[in-house]
Amino acid sequence: MDMVIPFSEVFLAAVIHATLQLGLGALLLLYHASLGKHIRKKTRGLVNCYIAGIGTLVILAICAVCFIMDRYFGKALYVEELFIVVGMLVALAVAAWAIYYRRGKSTELWLPRIVARFIDRRAKNTNSGTEAFSLGMLTSLAEMPFTLVLVVVAANSILKLPLSHQIIAAVMYTVVSLVPLVVLRIAIRRGNTVVDIQRWRVKNKAFLRVITGVGFLVLGFFVFAFEVLG
């Protein structure tokens with residue numbers, strides 16, 4: 001039972017991470033540009049490198065936060081710091097509902113225009129595995145205003161586990177956060193088009209916004225109930 005709560009918090013944080021859309025949107029841009037220039041085999045290689053780039057930055061972020069917390073916070077956050085984390089989760093839930101998506105019939109996100117244009121340009125000009133890998137790391141880094149607190153929650157829970165289970169939990173978080181990208185890759189390989197998937201995203205934008213916001217609130221309640229009160 002001692003490991004159920006930490007693993008549950010790591011899993012829930014990873015699921016919320018997976019609902020965020022920047023990585024998926026950039027992957028669609030990469031597909032759209034690459035399928036028009038390269039054979040499918042090269043496109044698959046670029047996509048694999050892109051997903052690997054995102055996964056690498058995610059697990060590096062978890063390891064870095066775990067190291068900082070272990071070194072400076074005595075392995076886990078105190079109640080005062082957990083109150084701040086809960087407040088940030090509530091604030092991100094409001095932000096997910098209010099500003100995560102721009103208004104209009106599109107899936108434009110909250111990013112500053114200059115950053116969005118830069119990612120769009122990088123996706124269109126990606127021609128090698130190294131560029132695709134760096135694009136994945138870039139998009140994951142750009143999403144950090146929404147994902148960093150999730151990584152903090154996950155790291156706080158991971159540090160409460162035995163060392164062997166810490167590795168499993170960190171890998172679990174990374175894998176779960178990558179599930180939408182892998183599903184997209186499989187969907188396109190099975191014949192779905194970029195247009196079909198983008199149309200689905202536009203149609204379900206409100207649903208995705210609600211799920212993300214509710215996820216932040218649920219995680220905040222979870223941390224408050226089991227970490228602060230517990």
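The values are calculated or read from the model by the stated rules, or taken from the named source; none is laboratory data. If you're wondering where the values come from, they're calculated on a predicted model, not measured in any experiment. Here the Cβ positions follow ideal geometry from the backbone for every residue, glycine too, while neighbour counts run over all protein chains shown. To get the accessible areas, we keep the full protein, side chains included, count just its heavy atoms, and leave off ligands, DNA and RNA. Shrake-Rupley method; radii C 1.70, N 1.55, O 1.52, S 1.80 Å.
What ranking of His165, His17 comes out by heavy-atom accessible area, probe 1.4 Å, highest first? Intermediate values should be presented prior to the final figure.
Numbers: His165 55, His17 25 Å².
Listed by decreasing accessible area, they come as His165, His17.
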Which residues in the range 65-79 have a backbone N closer than 20 Å to a point placed 7 Å from the Cα of Leu163 along the Cα-to-Cβ line?
65-76
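Per DSSP H run of n ≥ 4, the term is -39500 (n - 2.57); total these for the chain, divide by its residue number, and report the mean residue ellipticity at 222 nm rounded to 500 deg cm²/dmol.
Details: 10 runs with 180 residues, N = 230.
That comes out to -26500 deg cm²/dmol.
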Which residues among the range 111-141 fall inside the zone where the amide N is under 12 Å from a point 7 Å beyond the Cα of Ala98, along Cα→Cβ?
none
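If we count every other residue with Cβ under 15 angstrom of Ile158's Cβ, Lys/Arg +1 and Asp/Glu -1, where does the sum land? All intermediate terms of the calculation are to be shown ahead of the outcome.
Details: positive: Arg71, Lys75, Lys160; negative: Asp2, Glu9, Asp70, Glu227.
In short, -1.
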Among (1) -0.41, -1.49; (2) -0.38, -1.32; (3) -0.34, -1.45, the entry matching log10 I(q)/I(0) by the Debye sum over Cα atoms at q = 0.09, 0.18 Å⁻¹ as calculated here is (2)
Which whole-Hz ³J(HN,Hα) couplings does the range 54-71 yield from phi under the Karplus relation 6.51 cos²θ - 1.76 cosθ + 1.60, θ = phi - 60°, glycine and proline marked x?
5, x, 5, 5, 4, 6, 5, 5, 4, 4, 5, 5, 4, 5, 4, 5, 5, 7
How much area per residue is accessible in the chain when the probe is 1.4 Å and only protein heavy atoms are counted (Å²)?
51
Determine, for the chain, the count of lysine pairs separated by eight or more sequence positions (or lying on different chains) whose alpha-carbon distance falls under 25 Å.
9
Enumerate the amide H contacts of Leu109 below 5 Å, restricted to partners 5 or more residues apart or on another chain; note that Pro and chain-start residues carry no placed amide H.
Arg102
Please compute the modelled spin-label separation between Asp2 and Lys124, points set 7 Å along Cα→Cβ, answer in nm with one decimal.
5.6
If you plug each phi of the range 80-91 into the Karplus form 6.51 cos²θ - 1.76 cosθ + 1.60 with θ = phi - 60°, what whole-Hz ³J(HN,Hα) values come out, in order, with x for Gly and Pro?
4, 5, 5, 4, 5, 4, 4, x, 5, 5, 5, 4
√(5λ) per eigenvalue of the Cα gyration tensor, the range 1-124, largest first, Å
33, 20, 13
For the range 142-230, Rg(Cα) over 2.2 N^0.38 Å is 1.37
Scalar couplings 3J(HN,Hα) for the range 127-142 by Karplus 6.51 cos²θ - 1.76 cosθ + 1.60 (θ = phi - 60°), nearest whole Hz, x for Gly and Pro, are 10, 9, x, 5, 5, 5, 4, 5, 5, x, 5, 5, 5, 5, 5, 5
Given Ala170, Pro180, Val202, which one lies farthest toward the positive end of the charge dipole of the range 151-220, if we put +1 on the Cβ of every Lys and Arg and -1 on the Cβ of every Asp and Glu?
Val202
Counting Lys and Arg as +1 and Asp and Glu as -1, each charge on the Cβ, what is the dipole of the chain about the Cα centre in debye, to the nearest 20?
1560
Quick calc: nm separation of the 7 Å Cα→Cβ label points for Arg44 and Ile211 -> 2.7
Accessible-area composition of the chain, carbon plus sulfur, in percent [1.4 Å probe]:
69
Where the eigenvalues come from the Cα gyration tensor of the range 145-185, what are the semi-axes √(5λ) of the equivalent ellipsoid, largest first, in whole Å?
21, 14, 4
